[in-house]
1. Kindly provide the set of residues from region A:225-258 that are buried (at least 24 other Cβ atoms within 10 Å of the Cβ), within 14 Å of chain B (Cβ to nearest Cβ) and either part of a loop (DSSP other than H, G, I, E, B) or of a type in the set (A, V, I, L, M) (or both), ordered by number.
2. What residue, of A:Leu453, A:Leu464, is more than 24 Å from A:Asp404 (Cβ to Cβ), buried (at least 24 other Cβ atoms within 10 Å of the Cβ) and among the hydrophobic types (A, V, I, L, M, F, W, C)?
3. Could you check region A:474-488 and list, in sequence order, the residues that are among the β-branched types (Val, Ile, Thr) and within 11 Å of chain B (Cβ to nearest Cβ)?
4. Residue under question is C:Ile95, and the condition is that it be touching an Asp or Glu at 6+ places or on another chain (Cβ under 9 Å) and surrounded by 19 or more Cβ atoms within 10 Å (Cβ to Cβ); does it hold?
5. Taking into account only those residues within region B:1-44 that are without any contact (Cβ under 8 Å) to a residue 40 or more places away in the chain, within 12 Å of the chain's Cα centre (by Cα) and facing chain C (nearest Cβ under 9 Å), which is surrounded by the fewest Cβ atoms within 10 Å (Cβ to Cβ)?
6. Which residue, of C:Trp207, C:Trp174, is among the aromatic types (Phe, Trp, Tyr) and either out of contact with any helix residue (DSSP H, G or I) (no Cβ under 8 Å at 6 or more places or on another chain) or not in a helix (DSSP H, G or I) (or both)?
7. Output the residue which, of all residues in region A:64-101 that are crowded, with 24+ Cβ neighbours inside 10 Å and charged (D, E, K, R), is nearest to the other protein chains (Cβ to nearest Cβ).
8. Would a scan of region B:61-68 turn up a residue that is in contact (Cβ under 8 Å) with a residue 24 or more places away in the chain, at negative phi and more than 7 Å from chain A (Cβ to nearest Cβ)?
Amino acid sequence: MTGLHDAPVPSRREFLALSGGALGLSSLGLGAAWAQNKVELDPAAITNTDHATDVLVIGGGMAGLFAAVKAHDAGASTMMISKGRLGSSGLTPFAKGFFVYDPKTETESIDAFVDTVSRSALGTNNPVYTRQLAEHSLDRAAELKDWGFFDQNLANRSFMKPVTDRDIPLIERVVVTHLIKEDGRIAGAAGFRLDGEETVTIRAKTVILCTGAGGFKPSGFPVCDLTHDGSIMAYQIGAKITGKEWNDGHSGRSVNPADCYNGWGDMFDRVPSTSGVEVHHDLGVDLNYQAYMKGNPVAGGPQVATDDPVAGGPVTPEEFVRSFPAREGGPRDEAGGGPGGPPPGGRPGGPPADGEGGAPGGPPMRGYAMGGASAGMAIHKSEGLVPIDDRCASNIPGLYAAGDALGSHMAGGIYTQIGSSLAGSAVQGAIAGEAAAEFAAGIKAPSIPDTKLAEVKEEILAPLKREAGYGPAWVTQTLQGVMIPNFVLYIKKEPMMRAALAYIEELRDHHMPMLRAANMHELRLVFETRNMILSAEMKLRASLMRTESRCSHYRLDYPEMDTENWQAWINIFKDAEGRMQLVKQPFAAWPRQT
Amino acid sequence: MTINSINGCIGCEECVKSCPCDVIRLDKETGKAVILYPADCQICHLCRMYCPVDAIEIRPEKSIPVVVSWG
Amino acid sequence: MKLSAKTVAIVIGCAVFIGLPLLFYGLGDVPRRSLLKEVLSVLTLLAFSLMLGQFYLARSNEVVLELFKPPEIQKVHKFIAYGAVIIILLHPALIVLPRFFEAGIKPWDAFVTMVTTFDSAGVLLGLVGWALLLVVLLTSMFRMRLIKRFGIKYRTWRYVHGGLTVTFVVIGIWHSIDLGRHTDVAMAIYMITLAAIGTLMLGQLYWADMSKTVKKPLPKGEKS
């Protein structure tokens with residue numbers, strides 16, 4: 001690594017967090033107090049602010065924006081809360097393609113479009129959500145256009161417009177860590193401020209999770225602030241989670257793999273634009289297979305498809321196989337870019353193997369492909385809360401999800417329609433907003449006992465009160481080392497996943513309860529680390545359970561698609577004893593409600 | 001080394017707010033932005049693009065070792 | 001070639017007011033940006049250093065007065081003044097100008113954020129300095145009319161001009177130390193030194209003027 005000579009000298013804590021895993025700590029001669037938690041603030045002095053609203057929207061991306069606007073317009077008192085800034089956190093800032101089904105210009109009917117997606121997705125998509133995307137995308141695009149979204153590459157100002165016009169309260173830089181359930185339905189949420197010594201509680205009749213998906217803070221994809229926060233909070237209170245076995249297969253560059261901005265060419269600089277029907281079957285993980293079988297390095301781009309590829313591996317259905325003419329340097333400019341949406345949504349050429357892959361975005365340096373850029377993330381819209389209807393409701397009354405937090409399987413377990421992720425977030429956000437407002441209108445405000453709130457606050461602040469513990473950055477790095485290798489996360493096989501699961505269970509049982517935080521930033525890292533550990537467990541268990549290969553899920557020990565046993569999604573939930581349970585849910589069926 | 005330097009900061013806090021990963025904070029004493037948690041920088045350049053006075057420089061190297069799928 | 005005293009003075013002037021700031025700019029460890037941005041930076045720096053040079057292109061600088069004729073000095077003073085003042089007045093806009101050509105916040109949004117960041121002492125100083133400089137510019141352009149309109153002496157106008165510019169420079173340097181991308185320690189010492197010497201020279205002139213006035217009033221009709 002170059003450039004370290006200019007690096008600020010890391011504090012002793014940071015240094016330990018970085019090197020503790022690799023070096024024997026005793027060899028550093030730093031004595032016994034290394035794990036001591038030198039808290040920079042007084043946890044006892046942390047206050048709480050309490051809010052109340054009909055509809056609470058958690059998350060400030062594309063889905064959150066529409067959820068809040070539509071819930072407000074439907075007459076509900078609405079409040080937004082976000083870990084980052086509106087339009088400048090999660091994947092929304094980096095998604096440049098917005099799919100629009102415009103009946104005036106499309107030659108194909110919506111029915112035909114849905115069928116095409118379903119064929120490409122090999123049945124893994126939920127056609128109800130695929131159809132919804134096509135039906136509403138044009139209206140959402142029109143609203144975004146009014147707000148100025150298509151006028152510049154940064155989304156904050158255009159997103160602020162409808163929010164300030166409507167006077168919707170917006171609290172930014174609050175990390176929500178807990179959903180609160182009372183009397184069998186959602187009652188609110190709680191978290192803490194990054195900038196103040198303050199916890200925040202919000203009593204709400206309904207909550208819409210627009211918290212995005214997440215990853216393992218990987219290198220090469222701007223998803224490091226997303227750690228499946230919404231899914232994990234919801235899982236903790238009994239929501240069902242799906243889609244964890246699918247894999248986003250983006251790769252990055254071998255030179256400075258973490259440099260997302262340059263790795264994506266001019267993508268982050270682009271002004272968003274709309275695109276029409278174009279259905280692919282963009283795998284990405286086929287490059288992982290080539291790398292696994294042939295060794296490294298793997299050149300990115302079209303060569304993979306043409307230069308003596310190893311037989312086998314993830315399969316693209318005949319109808320959707322694309323050929324790539326040789327081309328010079330620059331990115332193939334498909335307005336709206338690759339499939340999927342946020343990054344893929346706008347990314348020219350889509351996931352790695354289909355062109356830009358090796359060096360997403362192509363110029364300025366192509367170089368060799370480096371896998372795992374988006375490690376820990378599934379296909380957009382495939383993982384998240386299980387919807388129980390076509391209006392983004394979860395199995396917990398009053399709890400909704402939209403966008404990447406909802407396991408709608410809108411595109412399926414593979415990237416199909418390009419630019420559909422960003423559009424899908426807008427469409428689902430609007431639908432969830434209206435549904436939540438309607439639900440809130442018919443019920444009384446929940447009451448949360450003070451003891452419950454005190455208990456939640458105690459849980460939130462616990463890592464600040466630990467005298468010693470594990471640094472969240474170190475635990476995260478350990479998790480990355482276990483999960484990100486190609487032979488664990490992408491080219492799956494039972495013994496290796498069992499081994500990884502043993503590691504993850506150790507982190508879950510022994511490290512998670514002992515994570516320490518010295519300040520609010522580290523407290524955020526603690527909860528993100530917790531969420532990544534549970535998400536890793538879900539990914540491994542779902543991948544073990546799915547004994548077939550289909551779309552972006554590839555099992556070396558089960559390389560064929562199994563249409564007899566696996567016309568089904570996998571739903572994950574916590575049982576009464578707190579154990580993780582997995583059940584099949586047949587494709588094209590809503591989950592049974594108990 | 002990820003986000004590298006801030007020169008000519010006017011303390012408007014745009015970068016602090018627009019950083020998805022909470023890397024930058026405003027120093028209460030000087031009223032200027034400081035790179036407090038560089039290890040968490042995802043090199044997305046949003047801070048630089050939101051900065052009204054173009055004060056931020058970013059380098060392509062991550063400040064901590066990175067974990068990738070193969071190498 | 002035999003150097004005349006005039007040439008030497010011009011070379012020294014250029015070295016001090018153009019060469020030195022360029023040197024400090026070059027030695028500074030601020031990361032370089034695009035050509036346009038660097039050109040704008042250098043232009044602004046030179047505008048400010050040349051403006052400091054104005055203290056030395058005035059009646060207070062006896063060396064220059066001996067070498068050059070007053071109209072010559074006045075001409076250069078005016079020429080630099082209008083050029084430099086316009087660049088300094090425009091520099092808030094020049095800061096956001098490159099955003100026209102690259103991704104990121106729009107230039108006008110950037111400008112509004114910048115000039116409304118009232119929490120920042122540097123921005124407030126900049127706003128006050130900008131207004132002062134505008135006053136300096138307008139009063140200089142219309143000095144004859146002002147003198148006529150308010151019936152003040154030319155010398156009084158000169159005091160006003162000197163006072164305004166000294167105040168401006170103090171505020172400007174302070175602003176630059178707080179916010180200037182290229183104002184490191186060397187650049188700050190350079191600016192403070194030039195401003196201090198210039199102000200002292202001016203003070204000396206005024207002091208001398210005032211003592212003369214008190215001791216031996218000028219005969220009626222004599223121009224200063």
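1. A:Asp225, A:Leu226, A:Asn247, A:Asp248, A:Gly249, A:His250, A:Ser251, A:Asn256, A:Pro257, A:Ala258
2. A:Leu464
3. We begin by selecting, within region A:474-488, every residue among the β-branched types (Val, Ile, Thr); these are A:475-476, A:478, A:482, A:484, A:488.
Within region A:474-488, A:Thr476, A:Thr478, A:Val482, A:Ile484, A:Val488 qualify.
4. Numbers: touching an Asp or Glu at 6+ places or on another chain (Cβ under 9 Å): yes; surrounded by 19 or more Cβ atoms within 10 Å (Cβ to Cβ): yes.
So C:Ile95 passes the test.
5. Checked region B:1-44; the qualifying residue surrounded by the fewest Cβ atoms within 10 Å (Cβ to Cβ) is B:Glu13.
6. Values: C:Trp174 fails: either out of contact with any helix residue (DSSP H, G or I) (no Cβ under 8 Å at 6 or more places or on another chain) or not in a helix (DSSP H, G or I) (or both).
Result of the check over C:Trp207, C:Trp174: C:Trp207.
7. A:Arg85
8. So the first thing to find is which residues in region B:61-68 are in contact (Cβ under 8 Å) with a residue 24 or more places away in the chain, and the list is B:61-64.
Applying the additional criterion that residues be at negative phi yields B:61-64.
Next, from what is left, pick out any that are more than 7 Å from chain A (Cβ to nearest Cβ): none.
No, every residue in region B:61-68 fails to be in contact (Cβ under 8 Å) with a residue 24 or more places away in the chain, at negative phi and more than 7 Å from chain A (Cβ to nearest Cβ).
The values are calculated or read from the model by the stated rules, or taken from the named source; none is laboratory data. None of the values given here were measured: they were computed from a predicted structure. When we count neighbours, we look across all protein chains shown, and the Cβ atoms used for this are built from the backbone with ideal geometry, even at glycine.
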